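Student: Have a look at this one.
The values are calculated or read from the model by the stated rules, or taken from the named source; none is laboratory data. These numbers were taken from a predicted model, which means no experiment stands behind them. Cβ: placed from backbone, ideal geometry, glycine included. Neighbour counts: every protein chain shown. In case anyone asks, the SASA skips ligands and DNA or RNA and just uses the protein heavy atoms, side chains included. Shrake-Rupley method; radii C 1.70, N 1.55, O 1.52, S 1.80 Å.
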Amino acid sequence: MHEQINENGWVWVYVQDPGKEERYVGQQYAADNVAFIPAFIDKEAALKCYGRMALEKDRKYEAQAVHYDDLLKEASAGGFMIFLLDEEGQILDKIKP
């Protein structure tokens, strides 16, 4: 497990269209042309960073806790990296599943 993630293994991500055809919110990192899923150590950081993300209008988004191992599997299957971000959207680490 990543050293910045708590011993329980939970991180916070945004989910698009929760309860319907929900999926993790992905973003594009222009500097490296990389698709990534933004993940946060705690809910407060996720909520503070919400306005900094590129999101589609007329969609519903919700911060949800997900187990880090499950996120790794989903990111790998979808060809995404995971970026651990702080509350200001600064990259703490880039994780390739």
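Student: Could you go through the stretch 13-30 in sequence order and give the Karplus-derived ³J(HN,Hα) for each residue, using 6.51 cos²θ - 1.76 cosθ + 1.60 with θ = phi - 60°, rounded to whole Hz, and x for Gly and Pro?
Tutor: 9, 9, 10, 8, 6, x, x, 10, 9, 5, 8, 5, 6, x, 9, 10, 9, 4
Student: If you average the alpha carbon positions of the stretch 4-21 and of the stretch 28-63, how far apart do those two centres end up, in angstrom?
Tutor: 12 Å
Student: How much accessible area per residue does the chain have, counting only protein heavy atoms and a probe of 1.4 Å, in square angstrom?
Tutor: Using a 1.4 Å probe on heavy atoms only, each residue of the chain averages 62 Å².
Student: Next question. With r defined as the distance between the Cβ atoms of N8 and A35 and R0 fixed at 35 Å, what FRET efficiency is calculated, to the nearest 0.05?
Tutor: After rounding, the FRET efficiency stands at 0.80.
Student: Which trypsin sites (Lys or Arg not before Pro) from the stretch 6-97 combine a DSSP loop assignment with at most 16 other Cβ atoms within 10 Å?
Tutor: Hits after loop and neighbour filter: K20, K57, R59, K60.
Student: For L92, put the label point 7 Å out on the Cα→Cβ axis and report which residues of the stretch 49-68 keep their amide N under 16 Å from it.
Tutor: The answer is 49-50, 64-68, whose backbone nitrogens lie closer than 16 Å to the label point.
Student: Give, as a single signed number, the net charge of other residues whose beta carbon lies under 13 Å from the beta carbon of K48, with Lys and Arg counted +1 and Asp and Glu -1.
Tutor: So the surrounding residues net to -3.
Student: Taking the Cα centre of the chain as the origin, how large is its charge dipole in debye, to the nearest 20, when only Lys and Arg (+1) and Asp and Glu (-1) carry charge on their Cβ atoms?
Tutor: Here the size comes out at about 300 debye.
Student: For the chain, give the percent of accessible area contributed by carbon and sulfur heavy atoms, probe 1.4 Å, rounded to a whole number.
Tutor: 44 percent
Student: In addition: In terms of modelled amide H atoms, which long-range or inter-chain residues lie less than 5 Å from the amide H of E87?
Tutor: Counting only residues 5 or more places away or on other chains, the set is empty.
Student: Okay, moving on. Please sort by residue number the GluC sites (Glu not before Pro) in the stretch 32-97 whose DSSP state is loop and whose Cβ has at most 16 other Cβ atoms within 10 Å.
Tutor: Those satisfying the criteria are E56, E87, E88.
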